[in-house]
Amino acid sequence: MLEPFAYDRKRAGMILQTKRLRENYTQEKLAEVAGCSPRTIVDIEGGKVGMSIEMLLTLCSLLKTTPDEVLLGEGNGSVEWLVEEMRALTPEQRKVAIDIISPYIESVLRPDAK
């Protein structure tokens, strides 16, 4: 028998919160345009409650994301989310991030190189 799909509400809530902040919405403004109460947004972002399909699609549309990204996690194994995050950084922050990430990638791809 097929098991029902269960998603991580806390992770989904964190993704939605990150997207909300990136789009410069307050919880109150997002609730207003989404047609729900601010408490609903607080509870969704906190992982306390799930969402109807209608609410998921509404929030995804407003926050410029997809249901896959929200339900399955950032990027679903792809790197688009990382590219988006890097673009949001200042040039100085981007340099620091690259300085941190590069040695790790190098060690994984070329473990014998030292």
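The values are calculated or read from the model by the stated rules, or taken from the named source; none is laboratory data. The structure presented is a predicted model; accordingly, all values stated were derived computationally and were not measured. Glycine gets a Cβ as well: all are built from the backbone with ideal geometry, and neighbour counts include every protein chain shown.
Here are a few things to note about the model shown:
- Entry remark, the range 44-78: residues being acidic (Asp, Glu) and either over 23 Å from Pro4 (Cα atoms) or in contact with a Lys or Arg (Cβ under 6 Å, 6 or more places away or on another chain) (or both) number 0 in total.
- Where helices (runs of 4 or more DSSP H) fall wholly inside the range 1-70, the ranges with 1 or more residues that are charged (D, E, K, R), under 24 Å from Ala88 (Cα atoms) and outside the structural domain of Met86 (by TED's automatic domain parsing) are 9-22, 27-34, 38-45.
- Candidates are the residues of the range 24-66 that are among the charged types (D, E, K, R) and at pLDDT 95 or above; the one that is nearest to Leu82 (Cα to Cα) is Glu45.
- Test: Glu23 is touching a residue at least 24 places away in the same chain (Cβ under 8 Å), on the phi < 0 side of the Ramachandran plot and in contact with a helix residue (DSSP H, G or I) (Cβ under 8 Å, 6 or more places away or on another chain): yes
- When residues of the range 68-84 are limited to those that are surrounded by 15 or more Cβ atoms within 10 Å (Cβ to Cβ) and at pLDDT 85 or above, the one farthest from the chain's Cα centre (by Cα): Leu71
- Subset of the range 11-23 (residues that are among the charged types (D, E, K, R) and either more than 11 Å from the chain's Cα centre (by Cα) or closer than 12 Å to Leu59 by Cα (or both)): Lys19, Arg20, Glu23
- Lone unmet requirement of (1) exposed (fewer than 11 other Cβ atoms within 10 Å of the Cβ); (2) touching a residue at least 12 places away in the same chain (Cβ under 8 Å) for Arg87: (2)
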